[in-house]
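This report concerns only the one structure given below.
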Amino acid sequence: MTLADANEYVALYHRHHKPVQGHRFSIGAIGVTGIVGVAIVGRPVARGCDAYMTAEITRLCTDGEKNACSFLYAACARICKEMGFTRIQTYILDTEPGTTLKAAGWVYEATTAGGDWNHSKAYAGKRRLDQPQEPKQRWAKVLN
């Protein structure tokens, strides 16, 4: 799936996030009604993560189709393993249960303090506030 197609789906269906700027790859889940979900995989957003060995699901969005989320999480992990990544991770809101991640074999690692990723003085007052700033849970899966 192209990034443009995946971002179009995110723009239509994601509850709290906007489309992303770039990606390594994107995939979709197909149901009887057509596309029922998408996943966009990119580099880790946090600067402290290894951008070469770690992949991050930066967006995952479905229309509510049963098992679509866990299907997409598992498929992304399989693809990243085949590509040679040693780890895959994602962040969810602290208010979300993580049920689909557990179902796909992922492990909860930590909860962030929330806020913006960018703490540079150069960006003071320019931070994005159009996306959730609340604490987030980091989930991951070791691949190789």
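The values are calculated or read from the model by the stated rules, or taken from the named source; none is laboratory data. Keep in mind the model is a prediction, meaning the values are calculated, not measured. Methodologically, a virtual Cβ is constructed for each residue, glycine included, from the backbone with ideal geometry; neighbour enumeration extends over all protein chains shown. Ligands, DNA and RNA are excluded from the accessible area calculation, which covers all protein heavy atoms including side chains. Shrake-Rupley method; radii C 1.70, N 1.55, O 1.52, S 1.80 Å.
Length gain on complete extension for the stretch residue 107 to residue 78, per 0.36 nm per residue less the alpha carbon to alpha carbon distance? List each step's numbers first, then the result.
Values: separation 29, 0.36 × 29 = 10.44 nm, distance 1.56 nm.
Computed gain between residue 107 and residue 78 is 8.9 nm.
The trypsin sites (Lys or Arg not before Pro) found in the range 46-116 that occupy coil by DSSP, while having at most 16 further C-beta atoms within 10 Å, are 47, 66.
Per-residue 3J(HN,Hα) values for the range 54-68, derived from phi via the Karplus relation 6.51 cos²θ - 1.76 cosθ + 1.60 with θ = phi - 60°, read 10, 9, 9, 6, 8, 8, 9, 8, 9, 8, x, 3, 4, 6, 5 Hz in sequence order (x marks Gly and Pro).
Exactly which chymotrypsin sites (Phe, Trp or Tyr not before Pro) in the range 1-67 are in a DSSP loop and have at most 12 other Cβ atoms within 10 Å? Present the calculation step by step, with values, prior to reporting the outcome.
Details: sites: 9, 13, 25, 52; in loops: 52.
Passing sites in the range 1-67 are 52.
In the set [x] 27, 19, 14; [y] 23, 18, 15; [z] 31, 16, 12, which value of semi-axes √(5λ) of the Cα gyration tensor in Å was calculated from the structure you see? Checked against the structure: label [y]. Taking amide hydrogens as placed 1.01 Å from N in the peptide plane, the amide H of residue 24 sits under 5 Å from those of 41, 42, 43, each at least 5 positions away in sequence or on another chain.
When the charge dipole of the chain is built from unit charges on Cβ atoms (+1 for Lys and Arg, -1 for Asp and Glu) and taken about the Cα centre, the candidate among 14, 100, 85 whose Cα reaches farthest toward its positive end is 85. Note: the range 45-113, Cα convex hull, 97 Å³ per residue.
Carbon and sulfur together cover what percent of the accessible area of the chain at a 1.4 Å probe radius? Don't skip to the answer; put the middle values down first.
Values: 4470 of 8270 Å².
Carbon and sulfur: 54 percent of the exposed surface of the chain.
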